[in-house]
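J.: One structure coming up, written as structure tokens, with questions to follow.
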Amino acid sequence: MPRAFVRFAVRRTLLAALTVLLVSSAAMALVRLAPGDALSDFEMSLEAAAAERERLGLDAPFLTQYAAWLGRAIRLDFGQSLKYRRPVQDLIGERVGNTVLLGASALLLATLIGLPAGILTGSRRGPLASLARGVSFALLSIPPLVTSFVLLLFAAATGLFPVGGMGALPGGGSIEVARYLALPCLAIALPMAAVIERLQSEAVRDALADPSVRAARARGCSRARLVWRHARRLSLKPVIALYGVLVGTVLSGSFVVEIVMAWPGLGALTYEALVARDLYLVAGCAAAGALCLSAGVLASDLALAVADPRVTEPS
Amino acid sequence: MTLPPRRAAGAALLGIVAAAAAGADLLQVHPSARQFRDFVYAPPMPPRIVDAGGRLRPPFVYPLRLEDRLERRFVEDRAQPMPLRLFSGGALLAADGPSPWFPLGTDGLGRDVLSRLVRGARTSLGVAFLASAGALLLGAVAGALAGYAGGRLDDGLMWAADFVMALPAIYVVLALRAAAPLVLGAAEVFWTMAAVFILAGWPLAARTVRAVVAAERTREYAEAARSIGAGTVRLLLRHLLPAAHGILAAQAALLLPGFILAEATLSFVGLGFGEPIPSWGLMLQDAGRGRALAEAPWLLAPAGAIALVVFAVNLVASERASGASPRYSRDKSLW
């Protein structure tokens, strides 16, 4: 492995770790900044509340509290959730897998639809390509918030798919999980497939105008080979670069879909934690979310570096 | 200057929506908060021009009669068509008859969906427009400062911008919103939301403006302006920032739909506007409740409105000048 690549990978990994630290710290600071705390919703006397705050360490100055939390977090102890009275890492462990499952399947589905569609619209004219282009343009305007409602309506009207939730048993058969996964996954994947299609289409069109492709054509390459081999390779780079951005889009979309469709994931948990001012749970969720995000971006960066070694050179 | 047809269509659509929001008082058939106890989940009553006997007549609607209160079953009363009249009872178009007219049906409290939709357009689009303008302004200032000054300030500002942009936007908005008191009055919600959106949205504009200003400031015309004594502020405002205006317009087309969605999401989860101020997100909250969707699919009207506005903005932004095209850049939308 070339040294430039290793240095690039190390730098990016450190950056990802820094992001996780910063995001969870910022989330914690924001919750502390907010008026009220986890106890303000409970009916209790001022003395009892003060005693409880002292017991939970909520009355300590922020920096003391933060230092204590950081010290424990490094040892992977993220504290107790004030709302659920359970360790934060247990709560997150139950949820993060669901979000990763939803996000990864949505990303995969969007790729499976978007990439071929983009190659089609980028390389051809005709009714089929026009149709794909039109559908894609319309889907670009329909965010997950809207798609999830429309899909729910479809589920309620036809009864083909369950309306929300994740089934009785999370560990139930994979067919059962897939049935529940279908709609939330589609709700995120459809708008994203449109984004991928638009970019892939433009990249293929540019690639087909590239001198190397024209040279291949002059050598007598077949049209299919030109598009699916030469142009596809050239168009790989901008599309891989897009995935670094899409990971964030997936997480945003997943938040909305988890709440509309009652998918028990990290987004819904983060929301609950924020509203309950559950300090440690917020910080834990932020750390887990940032970890998902950074891992996705890192994977995309490394894939890009493999596809185009030039990106490992410092700009 | 003539617009390409797609952009013209988008601009026309946006104009219609803006006019509907501005003229909400005229368009709403009933006060948006009025509850019709006998018309809970009443279906839409489309205007007709052909009556039950197949005869053509001036536009009219059939009144609804509640047949079964428990099952919420309504029947059209074919015997008494109500003619539609222009400018009657303070509304642009109203039905003339004993029974109320609900063009888009009613919600679970018996409120007219159309009235709430046009009222909600004011709140939802108002916040989004204000926040877009604010984010562009803040982004332009930060970007101009960073691009012009360079050095540490540049590094610091752009690092902050990159950090915010790398995070999923909805979480940034959510976390910032949660730092404000959870329960707020209507006006406070409006300003809090706008402020939160501006804080989440400025980096997008700042990044691009910085790139333009940093590139343009070494050009001959900037040099010339400086040499005849133009000060920093004048140079930025009169010479450098105008070079970024096309790019700023492109950013607006990304920010506005994102903010409309952010409002809808926040109000949907209960951190945005609350009753009785209608907003599109709040209306969607009603639609998401229990079996409302199966019983009253017309409650999805605000989802349609959101898609329509985003579609219109996308139309306007399509085929933009190739120089301002953000392709391949790490631009992201806010959802």
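J.: May I ask you to order A:4-10, A:148-154 by the average number of other C-beta atoms within 10 Å around their residues, highest value first?
T.: Descending mean neighbour count gives A:148-154, A:4-10.
J.: Counting only residues 5 or more places away or on other chains, whose amide H sits under 5 Å from the amide H of residue A:161 once H atoms are built in the peptide plane?
T.: For residue A:161, no residues qualify.
J.: For residue B:219 paired with residue A:29, estimate the spin-label separation in nm (one decimal), with each label point 7 Å from Cα along the Cα-to-Cβ line.
T.: If labels sit at residue B:219 and residue A:29, their model points lie 3.8 nm apart.
J.: What is the extension gain from residue B:93 to residue B:162, computed as 0.36 nm multiplied by their sequence separation minus the C-alpha to C-alpha distance, in nm to one decimal?
T.: Here the answer is 19.8 nm.
J.: Starting at the first residue of region A:132-147, write each ³J(HN,Hα) from the Karplus equation 6.51 cos²θ - 1.76 cosθ + 1.60 with θ = phi - 60°, in whole Hz, x for Gly and Pro.
T.: Each residue's phi maps through the Karplus curve to give 4, 5, x, 4, 4, 5, 5, 5, 4, 8, 10, x, x, 4, 7, 4 Hz.
J.: FRET efficiency for residue A:212 and residue A:6, Cβ-Cβ distance as r, R0 = 30 Å, nearest 0.05?
T.: 0.50
J.: If you fit an axis through the alpha-carbon atoms of helix B:186-216 and take the longest principal axis of the Cα set of chain B, what angle between them do you get, 0 to 90°, nearest 10?
T.: Helix B:186-216 sits at roughly 40 degrees to that axis.
J.: Distance from the Cα centre of region B:1-41 to that of region A:50-113, in angstrom?
T.: 43 Å
J.: Another question, if that's okay. If you place +1 on the Cβ of every Lys and Arg, -1 on the Cβ of every Asp and Glu, and leave all else neutral, what size is the dipole of region B:21-155 about its Cα centre, to the nearest 20 Debye?
T.: 300 debye
J.: A further question on this structure: Would you mind telling me which residue in B:98, B:83, B:203 has the biggest mean-square fluctuation in a Gaussian network model of chain B, where springs connect alpha carbons within a distance under 10 angstrom?
T.: For chain B, modelled as a Gaussian network with Cα springs under 10 Å, the answer is B:98.
J.: Please state the relative contact order of region A:98-280 as a whole percent: Cα pairs under 8 Å, 6+ residues apart?
T.: Reported as a whole number, the value is 34 percent.
J.: Compute the helix-to-body angle for B:301-317: its Cα long axis versus the longest principal axis of chain B, expressed 0 to 90° and rounded to tens.
T.: For helix B:301-317, the angle is close to 40 degrees.
J.: Could you sort A:213-220, A:110-117 so that the peptide with the highest average Cβ count within 10 Å comes first and the rest follow in order?
T.: Answer by packing, highest mean first, reads A:110-117, A:213-220.
J.: If the elastic network links every pair of Cα atoms under 10 Å, which of B:294, B:211, B:21 fluctuates the most in the Gaussian network model of chain B?
T.: Looking only at B:294, B:211, B:21, the largest GNM fluctuation is found for B:294.
J.: Here is a further query. Given labels modelled 7 Å from the Cα in the Cβ direction, how far is it in nm from residue B:25 to residue B:149?
T.: Placing both labels 7 Å beyond Cα along the Cβ direction yields 4.6 nm.
J.: Something else: Starting from the Cα-Cα distance between residue A:46 and residue A:70, subtract it from 0.36 nm times their residue separation and give me the gain in nm to one decimal.
T.: Between residue A:46 and residue A:70, full extension yields an extra 5.7 nm.
J.: Summarise the partner chain shielding of A:249-260 as one whole number: the mean count of Cβ atoms from other chains within 10 Å of each residue's Cβ.
T.: Mean partner shielding for this stretch: 5.
J.: Please turn the phi angles of region B:115-123 into ³J(HN,Hα) values with the Karplus equation 6.51 cos²θ - 1.76 cosθ + 1.60 (θ = phi - 60°), one per residue in order, whole Hz, x for glycine and proline.
T.: Values, residue by residue: 4, 5, 5, 6, 5, x, 4, 4, 5 Hz.
J.: Could you work out the helix-only [θ] at 222 nm for chain A, with each DSSP H run of four or more residues adding -39,500 (n - 2.57) and the total divided by the number of residues, to the nearest 500 deg cm²/dmol?
T.: That calculation yields -25000 deg cm²/dmol at 222 nm.
J.: Can you sort A:190, B:86 so the residue with the fewest Cβ neighbours within 10 Å comes first?
T.: B:86, A:190
J.: To the nearest whole number, what is the average tally of beta carbon atoms from other chains within 10 Å of the beta carbons of peptide A:262-271?
T.: So the per-residue partner count for this stretch is 2.
J.: Per DSSP H run of at least 4 residues, take -39500 (n - 2.57); add these up for chain B, divide by its residues and hand me the 222 nm value, nearest 500 deg cm²/dmol.
T.: -17500 deg cm²/dmol
J.: Next question, about the same structure. What order, most packed first, do the peptides A:206-212, A:133-139 have when packing is the mean number of other Cβ atoms within 10 Å of each residue?
T.: Going from most to least packed, we get A:133-139, A:206-212.
J.: Across peptide B:298-305, what mean number of C-beta atoms from other chains lies inside 10 Å of a residue's C-beta?
T.: Per-residue shielding by partner chains comes out at 3.
J.: What angle do you read, to the nearest 10 degrees and between 0 and 90, between the alpha-carbon axis of helix B:5-22 and the longest principal axis of chain B?
T.: The two axes meet at around 60 degrees.
J.: Now for a different question. Grab the Cα-Cα distance for residue A:224 and residue A:77, subtract it from 0.36 nm times how many residues apart they are, and report the gain in nm with one decimal.
T.: 47.4 nm
J.: Got a sec? Charge dipole of region A:98-280, +1 on Cβ for Lys and Arg, -1 for Asp and Glu; which of A:190, A:250, A:215 is way out at the positive end?
T.: A:215
J.: Let me ask something else about it. Quickly work out the residue A:13-to-residue A:39 label distance, labels modelled 7 Å from Cα along the C-beta direction, and quote it in nm with one decimal.
T.: Roughly 4.3 nm, to one decimal.
J.: Is there a quick way to get the dipole size of the protein assembly as shown? I mean about its Cα centre, with the Cβ of Lys and Arg at +1 and of Asp and Glu at -1; what is the value in debye to the nearest 20?
T.: 2560 debye
J.: Counting Lys +1, Arg +1, Asp -1, Glu -1, what net charge surrounds residue A:122 among other residues with beta carbon under 12 Å of its beta carbon?
T.: That sum, taken over residues with Cβ under 12 Å, equals +3.
J.: Amide H neighbours of residue B:273 under 5 Å, counting only residues 5+ apart in sequence or on other chains, H built in-plane at 1.01 Å?
T.: Residues meeting the amide H criterion: B:267.
Each reported figure results from applying straightforward, stated rules to the coordinates on display, with no laboratory input. This is a predicted model, so every value here is computed, not measured. Backbone-built Cβ (ideal geometry, glycine too); neighbour counts: all protein chains shown.
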